[in-house]
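For reference, the structure is listed below as structure tokens.
The values are calculated or read from the model by the stated rules, or taken from the named source; none is laboratory data. Everything quoted here is computed from the prediction, not taken from an experiment. Cβ sites come from the backbone with ideal geometry, for glycine too, and all protein chains shown count toward neighbours. Quick note on the areas: whole protein, heavy atoms, side chains included, nothing else; ligands and nucleic acids left out. Shrake-Rupley method; radii C 1.70, N 1.55, O 1.52, S 1.80 Å.
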Amino acid sequence: AKDKGRNQYCLFSSTMHDSVRTRHDLLRELQLAIDDGQIVLHYQPIVDLHTGCVAKAEALVRWQHPDHGLIMPGDFIALAESSGLIVPLGEHVFMQAAHQVAAWRHQTGRELAVSVNVSPAQFQSEGLNSTALLSTLRELNLPGAAVTIEITERLLMESTEQTSRKLQEFRDAGIHIALDDFGTGYSSLSYLKRFDIDLLKIDKNFVDDLTGNSQNRALCEAIITMSHELGMKVVAEGIESQEQHDWLRAAGCDYGQGYFYSRAVEAGAFMRWLCARDD
Ligand code: C2E
Ligand code: CA
Ligand code: CA
Ligand code: CA
């Protein structure tokens, strides 16, 4: 559709098939994109449901392609993961997010934080260089608490010595660990006991139709109660309506994220949106 074309582009659309694009070409292009500054972050607010204030923003990666416009992560993250490119890409994302949150803190005087998605592949041997990342935080004068790392249940399931050690290094530095998409993966509650997780993100699936579906309500209530008992905070994802917001707030959910507050937007737009609120 033409109206969608400018700012959203599907890499695997039929027009692309016509242009005989191979996986290899795409990879080369993505590699160049990282070096060329085409990899940008959009930010979506995470609201503290107890105070009503914005606590942090999740950094969501986009590829600003010179010909195809804005390409969404669903169209290139899997390719990056399977090729190993996720390592330089992920490092770039982390550094960019850290610089951005440092700038925001400086600008606003508020203790904002940024939440960064990290793929399981980044925890493998030559992956995520925790030493480099932590020294960047020090150079920026950022406390660890300014950064949250979002991991998935898959990482915990496939966890090695290495994973545990890297997670522990981050936690020792004060970085919070969030378990993303909770309830959709290979959930095993034993992971929650075995790993130090600070936050659970309830997947949008359970938040959808909260008002109409009593099973979703029961699941959300159970997740919130269990998390609090285990000393974790809860973020609900994919909040799109006032009703969902009200229900989750009343149920004791700690944070909310979703289109109801804002979509993910460019850094500048995020700051303008934040400053226009009275929190
Ligand atoms: P995610 O981590 O679960 O991120 C939430 C996704 O849901 C985002 O899509 C966000 O824009 C969308 N979303 C947020 N609120 C709502 C809502 O109220 N309604 C609906 N319908 N959607 C909502 P996005 O930006 O397309 O990202 C998709 C996925 O790509 C992310 O899912 C994450 O798994 C991955 N991703 C994004 N950025 C990165 C990154 O820097 N590194 C890695 N490894 N993965 C990333
Ligand atoms: Ca996430
Ligand atoms: Ca998620
Ligand atoms: Ca998700």
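Could you tell me which residue of the range 174-196 is farthest from ligand 2 (Cβ to nearest atom), considering only residues that are aliphatic (A, V, I, L, M) and at pLDDT below 95?
Restricting attention to the range 174-196, the residues satisfying the condition of being aliphatic (A, V, I, L, M) are 175, 177-179, 189, 192.
Okay, now just the ones that are also at pLDDT below 95, so 189, 192.
On the way: Leu189: 20, Leu192: 18 Å.
Here the residue is Leu189.
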- Please work out if Leu60 is in a strand (DSSP E or B) and open to solvent by 20 Å² or more (accessible area, probe 1.4 Å). yes
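Taking the conditions exactly as written (open to solvent by less than 60 Å² (accessible area, probe 1.4 Å), within 16 Å of ligand 3 (Cβ to nearest atom), of a type outside the set (Gly, Ala, Ser) and at pLDDT 95 or above), does Pro73 satisfy them or not?
Details: open to solvent by less than 60 Å² (accessible area, probe 1.4 Å): yes; within 16 Å of ligand 3 (Cβ to nearest atom): yes; of a type outside the set (Gly, Ala, Ser): yes; at pLDDT 95 or above: yes.
For Pro73, the condition - open to solvent by less than 60 Å² (accessible area, probe 1.4 Å), within 16 Å of ligand 3 (Cβ to nearest atom), of a type outside the set (Gly, Ala, Ser) and at pLDDT 95 or above - is met.
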- Report the residue count in the range 91-125 for those that are at pLDDT below 95, within 16 Å of ligand 1 (Cβ to nearest atom) and open to solvent by 60 Å² or more (accessible area, probe 1.4 Å). 1
- Task: Consider only pairs whose beta carbons are under 7 Å apart and that are at least six residues apart or on different chains; among these, list those whose first residue lies in the range 194-206 and is assigned to a loop (DSSP other than H, G, I, E, B) and whose second residue is at pLDDT below 95 and within 10 Å of ligand 3 (Cβ to nearest atom).
- Result: Asp203/Asp181; Asp203/Phe182; Asp203/Thr184
- Which one is most open to solvent (accessible area, probe 1.4 Å), of the residues in the range 227-279 that are among the aromatic types (Phe, Trp, Tyr), closer than 26 Å to Ile197 by Cα and assigned to a loop (DSSP other than H, G, I, E, B)? Tyr259
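Results for (1) over 29 Å from Gly238 (Cβ atoms); (2) touching a Gly at 6+ places or on another chain (Cβ under 6 Å); (3) of a type in the set (A, V, I, L, M, F, W, C), shown as yes or no for each residue.
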| site | (1), (2), (3) |
| --- | --- |
| Arg23 | yes, no, no |
| Thr51 | no, no, no |
| Phe76 | no, no, yes |
| Ser82 | no, no, no |
| Glu91 | no, no, no |
| Phe94 | no, no, yes |
- Task: Could you please find all residues in the range 135-152 being part of a helix (DSSP H, G or I) and surrounded by fewer than 20 Cβ atoms within 10 Å (Cβ to Cβ)?
- Result: Ser135, Thr136, Arg138, Glu139, Gly144, Ala145
- Message: I'd like the full set of residues that are among the small types (Gly, Ala, Ser) and assigned to a helix (DSSP H, G or I), limited to the range 154-193.
- Response: Ser164, Ser190
